[in-house]
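To start, the structure itself, in structure tokens.
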Amino acid sequence: MISMLLYAERQQEVNAFCRLGRELAGTLSDEDWRFSGFSDRQKLLSFLGENPLIDLCCLEITDSGSVEAAERLRRSNKEMFIILLADAAVPPTLYIRPSVMAGSLLLRPLSSDSVRRVFSEAFGEYLKKLSSGDGDAFVIDSRDGRQLVPYGRISYFESRDKRLYVNTGDREFSFYDTLDNLEQRLPDGFARCHRSFIVNLSAVKKVMLSQGMIELNNDGIVPLSRSYKTVFKELK
């Protein structure tokens, strides 16, 4: 499932962006897509409060508040492709910054050709990254298509019911593999803690050796078996 977020202050623009997005998604890929569109700032912020995984977004920049929303999105979705929408009256110094890292820019007045061109480029870039598996993200192949999950968002991997599950704290994605194979493919920063679990070391809040448990930053708990305790003694 590929997720795209669209925010503009004019609802008709949001509707047009969603239509174009669905058209391009159907033309350029076989993946399932989800489009979330907003024209109300408070509803957008409420949505962001759920810490969603977003792959692409088109976000209107009007003031420092919308820049903060873009920065918030970037912190939690480091592989996301961002299209910024702005009026020529908005100074570029407001939104051209490393903490946003926009991939494209749409300036008003908009034309259907310019919007289609920018969206097509964004979709193409993201789908190329998804196909190659490049970037700081774990690629999940499932019957719903491919999904990029930034490594920084992953709390742990779990083997359960003949599948593997990647847990981000608020979401879970399943795929077929074995923990032994996965352990060889993951980058530094992940460690086996149990026959059924691999944990992201950056997500570890506290190691309770005597209790055989690991507490995570999101207050979740994963088991720690005796045979893997040596790796975690330094994190205690």
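The values are calculated or read from the model by the stated rules, or taken from the named source; none is laboratory data. Every value quoted in this text rests on a predicted model; they were computed, and no experiment measured them. No Cβ is skipped: glycine too gets one built from the backbone with ideal geometry, and neighbour counts run over all protein chains shown.
Here is how the numbers come out for the structure above:
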| item | result |
| --- | --- |
| Counted residues, region 27-55 - those being closer than 26 Å to residue 128 by Cβ, of a type outside the set (D, E, K, R) and at pLDDT 90 or above | 7 |
| Qualifying residue in region 103-118 (condition: at pLDDT 90 or above, assigned to a helix (DSSP H, G or I) and surrounded by 16 or more Cβ atoms within 10 Å (Cβ to Cβ)) | yes |
| Of the criteria (1) touching a strand residue (DSSP E or B) at 6+ places or on another chain (Cβ under 6 Å); (2) surrounded by 14 or more Cβ atoms within 10 Å (Cβ to Cβ); (3) within 17 Å of residue 55 (Cα to Cα), which one residue 203 fails | (3) |
| Some residue of region 136-152 being among the aliphatic types (A, V, I, L, M), part of a helix (DSSP H, G or I) and surrounded by 13 or more Cβ atoms within 10 Å (Cβ to Cβ) | no |
| Any hit, region 82-94, residues being of a type in the set (A, V, I, L, M) and in contact (Cβ under 8 Å) with a residue 60 or more places away in the chain | yes |
| Residue among 198, 221 that is over 18 Å from the mean Cα position of the chain (by Cα) and touching a residue at least 40 places away in the same chain (Cβ under 8 Å) | 198 |
